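I have placed the structure first, in the form of structure tokens, so that the comments after it can refer back to it.
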There are 2 protein chains.
Amino acid sequence: MSGAGAGAGAGAGAGAGAAPPGRERARRPGGRTARNRALVLDAVRAQLLEHGYDGLSVDSVAERAGVHRTTVYRRWRDVGGLLADLLDAARDDDWAAPDTGSLTGDLVAVNREVHEALTSTPSLTTALIAASFRSARAASALRDFWEDRYRRCALIVERAVLRGEIPERTDARRLLVAATAPLYHQVVLLRVPTSVQFADQAAHDAARAAVAGVFTGP
Amino acid sequence: MSGAGAGAGAGAGAGAGAAPPGRERARRPGGRTARNRALVLDAVRAQLLEHGYDGLSVDSVAERAGVHRTTVYRRWRDVGGLLADLLDAARDDDWAAPDTGSLTGDLVAVNREVHEALTSTPSLTTALIAASFRSARAASALRDFWEDRYRRCALIVERAVLRGEIPERTDARRLLVAATAPLYHQVVLLRVPTSVQFADQAAHDAARAAVAGVFTGP
């Protein structure tokens, strides 16, 4: 699941999956069901990257995966089911928020993963975001995925509080959104060329605001 | 153009068009070309709101507008051309950044317009964002539209500097993106229910960060 981990993971404003490509395949538990799932999700990812949402269909995925189409129809039913399972599987990884020793360092590390995921060519994250405008099930699964990533990233804020870098009542979610949202906004919505310096700056700005106590209070 | 003004305008992180529905029609300059453009763009807007991108075609728009399809093909060529013209026309309005007398007040006013545009049902802004993932011309026109809105909003920052609310070297674009991006992120990408209080809070947070000098320096 490293692909979706890297793509959707960083899409989480959280981070790339830690796994190198192929790891998932190597540790796949035996059993035809698990093997088929891995083959099918690999095919979903590949189709999405190569042809976008319009290239996705149960038939094209089944053919690419080498899995019988009735199996795919039975288990995933439609394109929404395939996309949702890709994102659900991506949540099963062991991604952990970076721990660099400082709030700024951690936020910069997160934003660099997001930047990499959003600006790589082709970008699975961007393809999944685009798909979320076409499929309600994909949208819902993407939301769950992101919420999971923001939850894992809350550790960054807890550690910064423990180190005395930022006030105790800092709202983790507000701080994390402040750090990551400008990057998504710039790349995904405003669609302007976005350097890694922009990603760093958004992280620095959010950290400075947190130090100034902006994310406490109502 | 009030519809796209309201939709795409607020989509700009900038604001709803000031015009009430129907104003554009009332002041349309004469001439068949201008009348046809108005009819066609009204039809694009209506189709997009009712049926989304998939409901848009030159033929469906021509029929709805009551304009001959060869006229529409000749002038707009395809769906991308229609969407781009809708957004270009929306830039021709007289929308101006709010001027409430304080930085916080101005940013809250902007974010309330954005919130309204993104959460109204149906939302033309959201439909245009979704369309921008399907059509490169729509994406490019949406980017131009938003850049125009951010340019107009720079006045908010200039006035705050003149009033001595924030440091002179405050980067207007960074501050404006910090104020608006969390709102877009939450509604458009994270897709979680978003109250007007959330919009207000993002504006307050950005204003406080600006006062603390976060958006000066590199």
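All of the numbers you see were taken from the coordinates with simple rules; none came from a lab. Nothing here was measured: the structure is a model prediction, and the numbers come from that model. Positions of Cβ are backbone-derived with ideal geometry, glycine not excepted, and every protein chain shown enters the neighbour counts.
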- [ ] Would you work out if the range A:29-122 is rounded, prolate or oblate? Take a ≥ b ≥ c from the square roots of the eigenvalues of the alpha-carbon gyration tensor; rounded if a/c is under 1.5, else prolate when a/b is larger than b/c, oblate otherwise.
- [x] prolate
TODO: Report the longest stretch of chain B that contains none of the trypsin sites (Lys or Arg not before Pro) sitting in a DSSP loop with at most 10 other Cβ atoms within 10 Å.
DONE: B:28-168
Task: Sorted by Cβ neighbour density within 10 Å, fewest at the top, the residues A:Leu83, B:Leu189 - done: B:Leu189, A:Leu83
Task: Shortest-first nm distances, B:Arg191 label point to equivalent points in other copies (7 Å, Cα→Cβ) - done: 2.0
Task: chain A, relative contact order in percent, only Cα pairs under 8 angstrom and at least six apart counted - done: 26
Open item on the list: I'd like the per residue volume of the convex hull spanned by the Cα atoms of the range B:152-196, given in cubic angstrom.
Closed with: 84
TODO: May I have the convex hull volume per residue, in Å³, for the Cα set of the protein assembly as shown?
DONE: 140
- [ ] Could you tell me the convex hull volume per residue, in Å³, taken over the Cα atoms of chain B?
- [x] 120
Task: Nm distances between copies for B:Arg169, ranked from closest, using label points 7 Å along Cα→Cβ - done: 3.2
